[in-house]
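Please treat every number below as a calculation from the coordinates, not as lab data. Note that this is a predicted model, so its numbers are computed, not measured. So basically every Cβ, Gly included, is an ideal-geometry build from the backbone, and we count neighbours across all protein chains shown.
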Amino acid sequence: MIRFWRNLLLFFAVLAAVKGLVLLLSAGYYERVIHDTRAKTLLLDRQAGRINTVFIGSSRTFTSIDPARFDSLTGHRTCSFNFGVSSFFIPHTFRTAEVLMARRDLALHYLGVELSLPRFDTSIDPFRWEAWEQPRFYLPYLFNAPPDTAGSHSRRAEQYLNTYLFTLLSPALRLRMAVAAHTDDAARRQQFEADLTGSPDGYLPDNHGLDAGTGLGRDSAELPAYHSRSLLVYSRSGNEAVNPEYREEIDRLIGLAQRHRVRLFFYLPNRMTPEEARALIPLFRSIDAQHRLHLPHDPRFDALFLPRFSMDRGHVNYGGSQIYTGLMAEAFVKQMVP
Amino acid sequence: MLFTTASYFAFLLVVLTLWFQTPVRYRWVVMLAASYFFYATWNPGFVLLLALTTGVAYGTALRIGRTPDREAQKRWLRTGVVLVLAPLLFYKYFNFFSATLQAGLKPLGLSGFLPAHHYLLPVGISFYTFQTLSYLIDVYRGYVRPEKHAGIFAVYVAFFPQLLAGPIERGRQLLPQWRHPHPAFSYSDAVAGLQLIIWGLFKKIVLANRLQEYVDTVFDQPEQHYGLGVWLACFFFSFQLFCDFSAYSDIAVGSARMFGVRLSQNFANRVYASRSRTEFWQGWHRTLTAWFRDYIYTPLSKQTRDRRVLYLNLLVVYLLTGLWHGAQWGFIVWGLLNGLWVLTEQVTRPARRAFFERLGFGPELRLHQILSTMLVFTAGALMGLWFRAATFAEGKTLFRHLFVADWSLPASGSSSRLLVIVLGLVGMDVVHRLMDARPIDVLLQQQSRWVRWAYAVGVAELILTLGRYDNVRFYYFQF
């Protein structure tokens, strides 16, 4: 059996060596574009000193908050930037918020952070520095999960382990990026970079980069369910369990914001999976009113879930983003601006 | 815990180490604990059902073995079969039959009785139920003596590599291996097992999952796809099903092999290239096909020589094969279509042969064989449409859309994605041709050490580089 174990270890060593070689050979190619959070940071850096409001979140933020419209609706009291990135969830979002708040070169007054659940069933780019920090948040989070969600969390744990291990080893994503970054087709290259960063203010006005398949299709049948889940935030709260680890992270971030004199607020994603609704709505309610952006419930909110304002079941389209940004700006002026 | 996960691999290695560190007489404890733990990771509640089924079959088989009277044996067999089948019938078929019955009785004003249940179908129930039934019937027939050791029998039913989706093993094949396990660790068995597992992972993670991306796009939105897109989805689904299910079997056989346990080869390597549906069914899900042959077709047919009755029995077997997959009209249609096709092949074989030979285009000609393969594959793909469609109505929609002249493909059918799929399938077929009828470990045994290492590292790199990890469930788990 010793021989078997020895050869098995040797097998993994050879596998890692070949992977390492491929990484070394391809590293120079993807450096420029692979770090989608870095690409976004670079975009922000170019406007440092001007931007005073940043929204950090997943693709739902990326596609639904239009900074230009937001600023016009706040009477240009804000100069905002969309730091939405595909598959960008807690703890990465919180860590980014922490970093941005600590930066002295940014004239940051307002910082909005989308609440999300840690997700590990989508590809994690191992070269996002945050990927290496995941266990620090995730393991205590899992440990503190309320009993009713323990089952789904254990499945998540398995997905996490899988995705994390495989992605750390796999150069596939990087090779794909390398090919895309090195293409001679300038238009395609620009398109590719725009997929990562969106327009100069960080907003992604259409669906490029987010494989929307052939449109809504069967997804449209699921929109009412997304709608009714989002409406739960307007119903009366009961005795709802919140994950203490998550709550602690929120408090820590609020503390940091106070120290850095940044007005921090959290908001819910505009499309929530059942699991997100179960976990995030109670969490959102547990945050004091001055640190959460509560959207008004009116027909505009309901319209967000109509097929004509949807890119797919999880994202609004351009029309939806204009409505959503309007609602956000209205709530922002009412709740955040003195 | 899925076969394609890192946690399964860690689990496998831990159990393997424990197994060979434990004295032979107590090894069943290790395997039983590991298998029940494995099953509990899916749904702890269903472990009880598995234990109950095991207990019923164990007790009934002992009763059959102890009773000298044939009639009494038959009564015990019937009792055992009913009790073992009951959970499967309840979980899998109750809703379908109650809905069908109520629909039938609605014109008489009778409705509202037998309300549908909303319980989840226990994973693997069709497989372990059929394995347990085969044991009971074999004990009754005297092919296998009743297992007296309850622990060993429980391991036979619950052995984790084959628990969720087979192969459906017979008692006479597997029980002796549990009674007398390999006392010492075998390096060559462990390596052969790993070679099979790697090949299975390639077929599942690289091929089946990539094929599924395309197939799901079309089958999940049947109203939006026409013509070429639907044809391609049907062809791809045939390959997806093969890559998915045979991958599961390879990993199951490979995992078992690491413990020195030999499981049946459930698939012919190039079953997708069969020249007739009859040949196809000889190489597809062999252990289930053999089950229906031995426990349904043969008993039904042994009293008769009337061809019409034999043909009817054949149809019954294919209908039940369809129904085994689930209580849906799509599966029933798929089963019947397969039965009719096989029946037609058998009835017309002499006439077809004479016809083609008169034309100078006999079955021994290469072109004839190629065209037969294409025809049979296409027919299988069209039957598969009913198998994959979520509902019978969606099956009809897709079938209509096949005949619409539309050459566009959905976004998931982009040229780069198709290229990877096609190259992967061609690569798989090349390896299968090299394997001929042998499993991959036997082929590799005949190669040099360098080739074996190149295979392991190369295929693992392909899995890590080209794999898709989102669609992790195996297709046959739903059955």
Taking the Cα atoms of chain B alone, what are Rg (to one decimal) and Dmax (as a whole number) in Å? 23.4, 74
Give me P(r) over region B:367-452, computed from all C-alpha to C-alpha distances, binned every 5 Å, as integer percentages. 3, 10, 10, 14, 20, 15, 11, 9, 4, 3, 1
Quick one: order B:Tyr156, A:Tyr234 by neighbouring beta-carbon count within 10 Å, fewest to most. A:Tyr234, B:Tyr156
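If r is the Cβ-Cβ distance from B:Phe97 to B:Ser188 and R0 is 60 Å, what FRET efficiency results, to the nearest 0.05?
Details: r = 50 Å, r/R0 = 0.83.
My answer for the efficiency is 0.75.
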Per-residue average of Cβ from other chains inside 10 Å of B:179-187: 1
Using packing as a proxy for protection, rank B:299-305, B:210-216, B:368-374 so that the peptide with the highest average count of other Cβ atoms within 10 Å comes first. B:210-216, B:368-374, B:299-305
Eligible lysines near B:Lys203 by straight Cα distance, threshold 28 Å, same-chain separation 8 or greater: A:Lys19
Cα coordinate range in region B:1-160, projected on the principal axes (Å, largest first): 67, 49, 19
What is the spin-label model distance, in nm, from A:Arg247 to B:Leu382 if the labels are put 7 Å beyond Cα along the C-beta direction? 6.3 nm
Based only on Cα atoms, what Rg/Rh ratio does region B:126-221 have, Rh being taken as Kirkwood's radius? 1.12
So what's Rg/Rh here for region B:338-377, counting alpha carbon atoms and using the Kirkwood radius for Rh? 1.00
Run down the lysines and flag those whose C-alpha is under 21 Å from the C-alpha of B:Lys148, throwing out any fewer than 8 positions away in its chain. B:Lys74
Residue order, fewest to most surrounding Cβ atoms within 10 angstrom, among A:Met336, B:Met435, A:Met311: B:Met435, A:Met336, A:Met311
Calculated FRET value between B:Arg66 and B:Thr22, using beta carbons and R₀ = 25 Å, to 0.05: 0.20
Here the whole-number average of other chain Cβ atoms within 10 Å per Cβ of A:6-19 is 3
Peptide B:251-263 - average C-beta neighbours from other chains (10 Å radius): 0
DSSP H helices in chain B with Cα extent of 18 Å or more along the helix axis and mean Kyte-Doolittle hydropathy at least -1.0? B:6-21, B:27-40, B:45-66, B:70-88, B:125-141, B:187-201, B:228-258, B:307-325, B:329-358, B:366-388, B:415-435, B:449-466
How far apart, in nm, are the 7 Å Cα→Cβ label points at A:Leu8 and B:Leu340? 5.2 nm
Taking a quarter of the surface of the Cα convex hull of region B:67-188, what do you get in nm²? 11.0 nm²
Sort B:Asp441, A:Asp251, A:Asp201 so the one with the fewest other Cβ atoms within 10 Å of its own Cβ comes first. A:Asp251, A:Asp201, B:Asp441
